1. Test of understanding: among 211, 138, which residue is over 29 Å from residue 90 (Cα atoms), surrounded by 19 or more Cβ atoms within 10 Å (Cβ to Cβ) and without any contact (Cβ under 8 Å) to a residue 60 or more places away in the chain?
2. Can you find a residue that is buried (at least 21 other Cβ atoms within 10 Å of the Cβ), part of a helix (DSSP H, G or I) and aliphatic (A, V, I, L, M) anywhere in segment 8-30?
3. Spot the failing condition for residue 243; the list is (1) in contact with a Leu (Cβ under 7 Å, 6 or more places away or on another chain); (2) free of Cβ contacts under 8 Å to residues at least 12 places away in the same chain, and only one is missed.
4. Kindly list, by first and then second residue, each pair from a residue in segment 265-291 that is over 14 Å from residue 306 (Cα atoms) to a residue that is outside any loop (DSSP other than H, G, I, E, B) and of a type in the set (Gly, Ala, Ser), limited to pairs with Cβ atoms under 6 Å and residues at least 6 apart or on different chains.
5. So, in segment 292-305, of the ones that are surrounded by 21 or more Cβ atoms within 10 Å (Cβ to Cβ) and free of Cβ contacts under 8 Å to residues at least 40 places away in the same chain, which residue ends up nearest to the chain's Cα centre (by Cα)?
6. State whether the residues of segment 226-236 include one that is closer than 27 Å to residue 61 by Cα, in the same structural domain as residue 297 (by TED's automatic domain parsing) and surrounded by fewer than 18 Cβ atoms within 10 Å (Cβ to Cβ).
7. Can you tell me which of (1) surrounded by 21 or more Cβ atoms within 10 Å (Cβ to Cβ); (2) outside the structural domain of residue 282 (by TED's automatic domain parsing); (3) within 21 Å of the chain's Cα centre (by Cα) is the one residue 199 doesn't meet?
8. Which of the residues spanning segment 252-264 are closer than 30 Å to residue 157 by Cβ and touching a residue at least 24 places away in the same chain (Cβ under 8 Å)?
Amino acid sequence: MVDFGGWDMPLHYGSQLMEHHQVRNAAGLFDVSHMTVVDFADPAPTRALLCYLLANDIARLYPGKALYSCMLNEIGGVIDDLIVYDRGEAGYRLVLNAATRDKDLAWITPLAERFGAVWREREDLAMLAVQGPQALTRLESVLDAATLAAVRASRRFHAVDTGALFIARTGYTGEDGVEILLTAANAPALWDRLLEAGVAPCGLGARDTLRLEAGMNLYGSDMDETTTPLVSGLGWTVAWQPTEREFIGRAALDRQRIAGIPQIFVGLVLNERGVLRGHQTVYDGDREIGQTTSGTFSPTLERGIALARLAADAGDRCEVEVRGKRLSALVVKPPFIPRPL
């Protein structure tokens, strides 16, 4: 067990490597109840708030649909990345990172008051993530037939709300699966039923290697308040249209886009034995061209991999300084492994 954003979290349940392969080949279970869940009850003022608050465009949402977005400051830096769910007449649900909870809520509160959007933090809810190619199959003995059919019929980044369960086709592993929100009091029983169904418990260690192989950013490592989505591989989450929509940070992003984006966000794969970590210097010959933002040993590729922010003119080969030695690496486009969806 380790401290993570003030929560006691499992690093692993015995073997991080086995947990990683379990998710890639079958199904794994993560307790992600540390995530911050915020519900907005009134759709109309909340739509106006989120239109201004988020870089992505919530006009793309409809009941049951989810959207990934960054929440920016005035200079275009990423305050947090989050998922917002359209719950129809019930309003909107935001799932924020645990480590950024306090600053996120401090940022949202005055803006919500300005738009008249009433919200509440759902500390009564827990969240369990079932991830892997066999995730839905393992749910057959856990969910009733109607709920399972609805989940199977739903697409990626959609959710099914039964009242007792809020089941989203989302995750942080690059695999198929769901994230289930339910009352905290009922979560232990669901956890036990999932274990009985053959879903293996997994910890933070496997969660990190899985997300990195999938090319998914980690807040505080791959982006933060000093970096924009445009230099963090998240330009695709910025909705430039309609041009008349003003959102926090837009002016700064426009300026950066016009001036030319100074860095690229890429993946690195080591050609030699070694493990990549964050904050390692990357070179092109004698020229320093950037730094890794996060790295690990990929259990799937059996190679060291990393995400990195490099000079815009970086080529397809580089060297990374690891413990005083430069190791050769390939510059690739994430993800490092094919995503099934």
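1. Being over 29 Å from residue 90 (Cα atoms), surrounded by 19 or more Cβ atoms within 10 Å (Cβ to Cβ) and without any contact (Cβ under 8 Å) to a residue 60 or more places away in the chain holds for just one of 211, 138, which is 211.
2. Looking through segment 8-30, at least one residue is buried (at least 21 other Cβ atoms within 10 Å of the Cβ), part of a helix (DSSP H, G or I) and aliphatic (A, V, I, L, M).
3. (1)
4. That search, which allows pairs on different chains as well, returns 289/311.
5. The selected residue is 292.
6. yes
7. The number of the failed condition is (3).
8. Matches in segment 252-264: 252, 253, 256, 257, 261, 263, 264.
The values are calculated or read from the model by the stated rules, or taken from the named source; none is laboratory data. Everything quoted here is computed from the prediction, not taken from an experiment. Using ideal geometry, Cβ is built from the backbone for each residue, glycine included, and neighbour counts are taken over all protein chains shown.
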